[in-house]
1. Could you check which residue among 116, 152, 96 shows the biggest mean-square fluctuation in a GNM of the chain with a 10 Å Cα cutoff?
2. Which shape class, rounded, prolate or oblate, goes with region 108-252 when its Cα gyration tensor gives a ≥ b ≥ c as root eigenvalues, a/c under 1.5 marks rounded, and past that a/b bigger than b/c marks prolate?
3. What FRET efficiency comes out for the pair residue 222/residue 18, r = Cβ-Cβ distance, R0 = 35 Å, nearest 0.05?
4. Based on the mean of other beta carbon atoms within 10 Å per residue, what is the order of 273-282, 205-214, 2-11, most packed first?
5. On C-alpha positions alone, give me the angle between the axis of helix 275-291 and the longest principal axis of the chain, in degrees, nearest 10.
6. Shape verdict for region 133-203, please, from the Cα gyration tensor: rounded (a/c under 1.5), prolate (a/b greater than b/c) or oblate.
7. For the chain, what does the helix formula give at 222 nm: sum of -39500 (n - 2.57) over DSSP H segments with n ≥ 4, over the residue count, nearest 500 deg cm²/dmol?
8. Taking the 0 to 90 degree range and rounding to the nearest ten, how far is the long axis of helix 160-174 tilted relative to the main principal axis of the chain, both from C-alpha atoms?
Ligand SMILES: NC(=O)c1ccc[n+]([C@@H]2O[C@H](COP(=O)([O-])OP(=O)(O)OC[C@H]3O[C@@H](n4cnc5c(N)ncnc54)[C@H](OP(=O)(O)O)[C@@H]3O)[C@@H](O)[C@H]2O)c1
């Protein structure tokens, strides 16, 4: 891949941002397609978000990904926001279209494509369970709540008040019934009984805390469940192993990461990127990072 005077600039803003896999993933896609773009990481402090977005316009930057903690803060600086991003309440992709800055949320697409293509869910079950009620949970509950066939989503979170607030929002937006509860063993056991899909959106199990898990008791898990763990580092989590131990299918969050990135890439360039190339580079990077 060579950067020329004609290259269009893409990037990610975050604080911190040095850990991001997005530059590896997008530059691998740019190189594979031999298109005239380059992707860089910008460390933007919270009080500089407005200036950063003015800079995007001023420097003619084509588009940005937005990561923690700016996904909400960028919204007031945009000209337009997609329906999905408004519903989720977070923007993870900004595209400069004509002279407008347009905000999107590609996590919804990412998790749905991972559930369909990787977990091979053709028909969504009537009852789904979401563990966690943070930023990722907003995208996941919206994604599940808008699928045909889903009649109820149960949100279980350490802080039940946060789950309640999310449930009220998402029930209003999606029209699907949302129940809430704590992450306790008996609550999980009841919630899992008639559920078909469980999505973990808590950060439990994420590197370096690889021995933590949101599952209170493995006896709550049955073999008809499909687990999607949005944690992507490590590639296989303790939670995934617990589900696999009773014969349930379990998938890690790497594909969601790749598919949300692929969607951003397509928004900016109009080209569908090679997701296998993007995935391979992140798999390698996860391995190298954890060895250090
Ligand atoms: N695969 C992907 O593309 C993708 C995309 C986005 C996010 N993610 C993953 O999703 C996870 C959450 O990200 P986020 O942006 O939603 O973070 P967040 O907004 O900070 O939410 C964190 C969630 O984890 C829970 N949690 C944290 N520590 C806990 C503990 N010790 N015990 C019980 N619950 C705990 C929080 O519960 P409380 O509300 O009680 O604090 C909250 O529900 C991360 O692992 C991230 O890597 C993956």
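1. Largest GNM mean-square fluctuation: 116.
2. Judged from the Cα gyration tensor, region 108-252 comes out rounded (a/c under 1.5).
3. Computed FRET efficiency for residue 222 and residue 18 comes out at 0.30.
4. Highest-to-lowest ranking by the protection proxy: 273-282, 205-214, 2-11.
5. The answer is roughly 80 degrees.
6. Oblate, since a/c reaches 1.5 and b/c is not below a/b.
7. Values: 10 runs with 111 residues, N = 292.
Estimated from H runs of four or more residues: -11500 deg cm²/dmol.
8. Helix 160-174 sits roughly 70 degrees off the main axis of the chain.
Read-outs: derived from the displayed coordinates by stated rules, not from any lab. Just so you know, these numbers come straight off a predicted model, no measurement behind them. Don't worry about glycine lacking a Cβ; one is built from the backbone with ideal geometry, like all the others, and counts go over all protein chains shown.
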